[in-house]
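Below you'll find the structure, written out as structure tokens, and then a few comments.
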Amino acid sequence: MTRGSQLHQRTAQQQQQQEGGGGAMGAPQQQQQPRVQQAAPRYPQLPPVVLDASTPKLLVPSRQALYTLLVLPYLLWGAAVLAGVLHVEPLPEGVSPRDFEHPLVWFDRHVFRVYGPLLPLAPYLVRVAAFGLRWPPPTAALRSAAAAGGAAARPLRPAPTLALPALLVYGAVIVVRIALYVCHVALERRAAVPLYLMSDHLLLAASVVACFQSELMCCLSDAFKAELLRPFDPRGADARQLAAVAAMVCSAFALAFVYGDMYCTARWYHHPAESLGALAAGAVLFQLPMALWLLRRASRLPGRV
């Protein structure tokens with residue numbers, strides 16, 4: 001055997017070994033492919049918006065609803081304060097601010113001044129508590145919903161919208177509001193002449209309006225989630241929707257009382273410059289950041305929003 005034929009034989013043997021090794025390595029990969037194909041999503045046939053309803057995400061039925069709830073509460077708030085500024089008049093002669101009676105003085109003294117920053121927590125607690133309850137679904141309904149969605153026999157339940165983030169934001173608003181009040185009082189006491197930069201009462205109302213606007217959005221989202229997951233939660237859907245709608249209606253009524261109270265405050269208790277200063281400061285410090293935060297949360301969602 002010549003030297004060239006020996007080299008050719010060695011090269012052929014090396015190629016056979018490489019092909020044999022590649023085949024041995026490729027066999028497990030071919031065997032593992034069926035395992036990868038067997039791993040399927042839990043709910044493959046459900047739309048993403050339905051799956052998102054079981055998370056704390058912000059879901060609204062349409063962009064029109066989103067923008068309406070972002071803009072309308074602030075427009076009404078600004079209109080109420082500006083109307084009070086346009087109708088400004090002094091208190092009746094000989095009547096002190098404490099003794100003056102206007103149509104909503106009962107709300108101002110016994111509700112707003114006592115519980116003002118905490119008022120938005122009432123609808124928040126109602127909807128979070130309602131969506132935290134668990135009703136066992138009927139077996140037949142669960143099986144039919146699971147079969148329709150190609151899902152395992154485990155129900156989907158709506159989660160309260162932005163439960164923890166909203167609570168943290170409301171707490172931050174309260175802290176900022178208290179800090180501004182302390183600074184405002186300190187400046188007034190240290191000033192050589194009477195100094196009134198803005199109406200602290202109107203600034204408090206601006207922060208409360210911002211939190212109520214957030215609750216209106218979250219209540220709508222919760223009601224929408226309960227409807228989306230009704231096939232998976234037939235016993236709890238009605239109760240959750242009722243709680244969300246009730247919280248939304250109460251928030252709207254509370255806002256109406258705040259608007260009326262602040263109209264009276266701007267009309268009889270403060271100089272127009274103080275009212276306008278509070279209106280501008282509240283918009284910059286509380287209302288605009290709240291609207292941008294909600295818009296950012298909603299913009300992250302696919303599908304209907």
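Please note which helices (runs of 4 or more DSSP H) are completely contained in the stretch 230-305 and include at least 1 residues that are under 26 Å from LYS57 (Cα atoms).
Once the helices (runs of 4 or more DSSP H) in the stretch 230-305 are filtered for at least 1 residues that are under 26 Å from LYS57 (Cα atoms), what remains is 234-268, 288-299.
Do we find that MET262 is in contact with a Gly (Cβ under 8 Å, 6 or more places away or on another chain), crowded, with 18+ Cβ neighbours inside 10 Å and in the same structural domain as THR161 (by TED's automatic domain parsing) in this structure? If you could, list the steps in order and put the result at the bottom.
Numbers: in contact with a Gly (Cβ under 8 Å, 6 or more places away or on another chain): yes; crowded, with 18+ Cβ neighbours inside 10 Å: yes; in the same structural domain as THR161 (by TED's automatic domain parsing): yes.
Criteria met by MET262.
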Can you list residue pairs whose Cβ atoms sit under 7 Å apart, with the first residue in the stretch 162-191 being in contact (Cβ under 8 Å) with a residue 60 or more places away in the chain and the second being outside any helix (DSSP H, G or I)? Count only pairs 6 or more apart in sequence or on different chains. LEU162/PRO56; LEU162/LEU58; ALA163/PRO56
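Across the stretch 85-126, which residue is modelled with the highest pLDDT among those that are among the aromatic types (Phe, Trp, Tyr) and more than 30 Å from the chain's Cα centre (by Cα)? If you could, list the steps in order and put the result at the bottom.
If we filter the stretch 85-126 for residues that are among the aromatic types (Phe, Trp, Tyr), which is where we start, we get 100, 106-107, 112, 115, 124.
Pick out the ones that are also more than 30 Å from the chain's Cα centre (by Cα) and you get 100, 106.
Working: PHE100: 90, TRP106: 94.
Here the answer is TRP106.
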Only one of (1) touching a Cys at 6+ places or on another chain (Cβ under 7 Å); (2) assigned to a helix (DSSP H, G or I) does not apply to LEU66, and that is (1)
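Return the residues of the stretch 257-288 that are farther than 30 Å from ALA53 by Cα and either of a type in the set (Phe, Trp, Tyr) or within 23 Å of the chain's Cα centre (by Cα) (or both); say none if nothing qualifies. Explain how you work it out, then say what you get.
Taking the stretch 257-288 first, the residues farther than 30 Å from ALA53 by Cα are 257-285.
PHE257, VAL258, TYR259, TYR263, TRP268, TYR269, ALA281, GLY282, ALA283, VAL284, LEU285 - these are the residues of the stretch 257-288 that are farther than 30 Å from ALA53 by Cα and either of a type in the set (Phe, Trp, Tyr) or within 23 Å of the chain's Cα centre (by Cα) (or both).
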Restricting to the stretch 34-80, name every residue that is within 26 Å of ARG230 (Cα to Cα), modelled with pLDDT under 90, out of contact with any Gly (no Cβ under 7 Å at 6 or more places or on another chain) and hydrophobic (A, V, I, L, M, F, W, C). ALA40, VAL50, LEU51
Collect the residues in the stretch 127-158 that are crowded, with 20+ Cβ neighbours inside 10 Å and at pLDDT 90 or above, keeping them in residue-number order. ARG127, VAL128, ALA130, PHE131, PRO158
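The values are calculated or read from the model by the stated rules, or taken from the named source; none is laboratory data. Given the structure is predicted, the values throughout are model-derived calculations rather than measurements. Backbone-built Cβ (ideal geometry, glycine too); neighbour counts: all protein chains shown.
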